[in-house]
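Engineer: Please find one structure pasted underneath; my questions will follow.
The values are calculated or read from the model by the stated rules, or taken from the named source; none is laboratory data. Note that this is a predicted model, so its numbers are computed, not measured. Neighbour counts are summed over all protein chains in view; Cβ atoms, including those assigned to glycine, are modelled from backbone coordinates with ideal geometry.
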Amino acid sequence: MKALISPEEKVNTGYRVAQVEENSFEVAPPLFWVDCSNEVIQDQFWYDPTDEQIKPNPIAG
Amino acid sequence: MSIIIGEGSGNAISVNSTVGTAGSVITSDGTNSYWGDGFILGVTQTTYTAPGTWTKPSTATTIKVTVVGAGGSGGLFAGGGGGGGGTAIIYLQAPAIPGPVAVTAGQGTNSFGAFASATSGSTGPAGPNGVPGAAGGVGSSGDINIGGGAGNYGEGVSPVFGALSGGNGGSSTMGGGGKGSAPAALFAVTPGNPGKNYGGGAGGGGNSTAGTGAPGIVIVEEYS
């Protein structure tokens, strides 16, 4: 799976997971894609740039 | 008849002429000003509400692309309203575009290749406690980037009165947010309203059914 990260949308101390797709599609910077597990859900997880990990959001959901 | 016009470097020049014929305009060949034929720009518009491919017409000189992300869904249990989709507007010189451009349109993030994108509004948080509305999406890499409106507060569920009102959805530049549900009867299950086209966030649901955000859109205007 691929997670679309949006650095302009701040979540906690990192960035929003704006979308999760099986296959990525072309996007404009600063948006970028990272690999993720099947458990990741849009807006219920966030991307931590300090360790480049996707983590569950304790607030959403 | 004499008309005084600017010649581009701050000096005024005089064009001696008759009034010209209908439709004629004052123009220049780089040396002299004269009455000549006017022309109207050719404009062609293509809209995408589903993925596709834009192919550059040979006659296009400039294009304007407007990208609107989808609206976010509302939250369950009288939750928060979904955010409105972001917007990116970009102007491109057509000859500089190397080839066909992949267009992603509809739900989620909308994109005109790697030139401009707009993310969807966030999904509204679920109740049953009172919760804030979700944030709007953003535009990326446009000449103009506009954030979507945030959804409104959802009141959640009261143990005495049942579901209270879900939050209204946030608006995009094109579509309004859907109204959050306000159950007409005690413990009634009233779904939140969907967002309006294009990119409006949805309202929070009355109990178990939230509204769905409106899809986004990509509009390409070609000038030749």
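Engineer: So, in the range A:21-40, of the ones that are at the interface with chain B (Cβ under 9 Å from one of its Cβ atoms) and touching a residue at least 12 places away in the same chain (Cβ under 8 Å), which residue ends up farthest from B:D143 (Cα to Cα)?
Structural biologist: A:E21
Engineer: Filter the range B:73-128 down to the residues that are β-branched (V, I, T) and under 18 Å from A:R16 (Cβ atoms), then identify the one that is modelled with the lowest pLDDT.
Structural biologist: Among them, the one singled out is B:T123.
Engineer: Considering only the range B:158-181, I want to know if a residue exists there that is of a type in the set (A, V, I, L, M), within 14 Å of chain A (Cβ to nearest Cβ) and part of a strand (DSSP E or B).
Structural biologist: First pass over the range B:158-181, keeping only residues of a type in the set (A, V, I, L, M): B:160, B:163-164, B:174.
Of the ones still in play, those that are also within 14 Å of chain A (Cβ to nearest Cβ) are none.
No, the conditions are met nowhere in the range B:158-181.
Engineer: Next question. Can you tell me which of A:A60, A:A18 is at the interface with chain B (Cβ under 10 Å from one of its Cβ atoms), buried (at least 19 other Cβ atoms within 10 Å of the Cβ) and at pLDDT below 95? Before the answer, list the steps.
Structural biologist: Working: A:A18 fails: at pLDDT below 95.
The conditions single out A:A60.
Engineer: Among (1) at the interface with chain B (Cβ under 10 Å from one of its Cβ atoms); (2) under 28 Å from B:T53 (Cα atoms), which single condition is A:A3 missing?
Structural biologist: Looking at each condition in turn, A:A3 falls short on (1).
Engineer: Here's another thing I want to ask about it. Which count do you get for residues in the range B:114-137 that are at the interface with chain A (Cβ under 7 Å from one of its Cβ atoms), surrounded by 24 or more Cβ atoms within 10 Å (Cβ to Cβ) and within 23 Å of B:W54 (Cα to Cα)?
Structural biologist: Going through the range B:114-137, the residues at the interface with chain A (Cβ under 7 Å from one of its Cβ atoms) turn out to be B:114-117, B:119-120, B:122-123, B:125-126, B:135.
Subsequent filtering for residues that are surrounded by 24 or more Cβ atoms within 10 Å (Cβ to Cβ) retains B:116-117, B:119-120, B:122-123, B:125, B:135.
Of the ones still in play, those that are also within 23 Å of B:W54 (Cα to Cα) are B:116-117, B:119-120.
Number of matching residues: 4.
Engineer: Looking at the range A:41-55, which of the residues that are more than 14 Å from every other protein chain (Cβ to nearest Cβ) and at negative phi is surrounded by the most Cβ atoms within 10 Å (Cβ to Cβ)?
Structural biologist: A:I54
Engineer: Another question about this same structure. Being closer than 15 Å to B:G136 by Cα and at pLDDT 85 or above narrows it down to one of B:G166, B:G213, B:G154, B:G180, so name that one.
Structural biologist: None of the other options fit; the residue is B:G213.
Here is a yes/no grid of residues against (1) farther than 22 Å from B:S73 by Cα; (2) touching a Pro at 6+ places or on another chain (Cβ under 6 Å):
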| residue | (1), (2) |
| --- | --- |
| A:E8 | no, no |
| A:Y15 | no, yes |
| A:V20 | no, no |
| A:T50 | yes, no |
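Engineer: Here's another thing I want to ask about it. Quick check, is B:I90 farther than 23 Å from B:G52 by Cα, touching a strand residue (DSSP E or B) at 6+ places or on another chain (Cβ under 9 Å) and among the hydrophobic types (A, V, I, L, M, F, W, C)?
Structural biologist: Values: farther than 23 Å from B:G52 by Cα: no; touching a strand residue (DSSP E or B) at 6+ places or on another chain (Cβ under 9 Å): yes; among the hydrophobic types (A, V, I, L, M, F, W, C): yes.
Answer is no for this residue.
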